[in-house]
Amino acid sequence: MAAWTIIREEPGWVAVDKPAGLLSIPDRYDRSLPNLHDQLTARYGKVHPVHRLDRETSGIILFARTAEANLFLSRQFEAHQVVKTYLALVRGCPGLAADVPRKDEAGGVSPEEPGAAGGPGAAEGVVDAPIGEHPGRLGKMRVDQRHGRPAQTAWRVIERLGPFSLVEARPLTGRQHQVRVHLAWLGCPLAIDPVYGGGGALGLSEIKPGYKRKKGEGVRPLIDRLTLHAARLRFLPPGAGEPVELAADLPRDFTVVLKQLRRWAPGASPG
């Protein structure tokens, strides 16, 4: 696992580039697992997680260093005033008719209906589909029109890479697993996301036509975690008159797989 790095440090808050594989906060059942909250506490003293990233998601995350800053920043997240931008490598391409799913069992609005997601063929759109807990699996979420909480995600296709696409996703609300659930509901789950319909580790054999491993050569995945990266965060810092926008570069595993897709994927092109 790569080490975390400081993006920006201020008296009231700190922004960190979290690597995939590191918990944002202590695990509910095993507090001995490494987590960013405890590691920042060891460095700064008491810190407050203003929001969270899934363990296997990389990218920018914000912690408050004082109770006052925590209240100020948390209110912005609760009011959906913070602009969060993710980069996602997905299977398929949102907006293409072949990728549009049928209505789900909870009565979610199909992306084919007006205003739902940009419509077939679109290179951008907004998913407006409530999200609720999945009744059959603890910790899993789903689109649930009847009982879910309102959830909207703006999306834009940045690049088409054969059977994959690089998508920019901007959650306009803050539901658990929102980007993952909404992209899967569009018919294009994260390239790697076993919970929401994506595949497992992504290797060169799935990208390069005719690729065959040498005898005795083990499987070496290019990337083997959620293909989701928190790329940018825009918010108003405590005591500031203007918002700031911070960014976290794509980590090496993500850039490596994109490089191979651009080289080998048929018909790779910008969205």
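Here are the numbers:
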read-out	value
Set Ala240, Ala184, Ala231: member being small (Gly, Ala, Ser) and in contact (Cβ under 8 Å) with a residue 24 or more places away in the chain	Ala231
Selection count, the stretch 199-238, where residues are closer than 30 Å to Gln81 by Cα, part of a loop (DSSP other than H, G, I, E, B), of a type outside the set (A, V, I, L, M) and under 16 Å from the mean Cα position of the chain (by Cα)	2
Boolean, Gly45 is out of contact with any Pro (no Cβ under 6 Å at 6 or more places or on another chain), at pLDDT 95 or above, surrounded by 12 or more Cβ atoms within 10 Å (Cβ to Cβ) and on the phi > 0 side of the Ramachandran plot	no
Count of the stretch 54-93 residues which are among the acidic types (Asp, Glu) and in a helix (DSSP H, G or I)	2
The stretch 133-180 - residue that is in a loop (DSSP other than H, G, I, E, B), out of contact with any helix residue (DSSP H, G or I) (no Cβ under 6 Å at 6 or more places or on another chain) and hydrophobic (A, V, I, L, M, F, W, C) and, of those, surrounded by the most Cβ atoms within 10 Å (Cβ to Cβ)	Leu172
Qualifying positions in the stretch 1-53 - more than 19 Å from the chain's Cα centre (by Cα), assigned to a loop (DSSP other than H, G, I, E, B), within 20 Å of Leu71 (Cβ to Cβ) and not charged (D, E, K, R)	Pro11, Gly12, Gly45, Val47
Residue in the stretch 54-76 that is surrounded by the fewest Cβ atoms within 10 Å (Cβ to Cβ), counting only those that are out of contact with any Leu (no Cβ under 7 Å at 6 or more places or on another chain) and not charged (D, E, K, R)	Ala67
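The values are calculated or read from the model by the stated rules, or taken from the named source; none is laboratory data. Just so it is clear, the model here is predicted, and its values are computed rather than measured. As a convention, Cβ positions derive from the backbone with ideal geometry for all residues, glycine included, and neighbour counts pool all protein chains shown.
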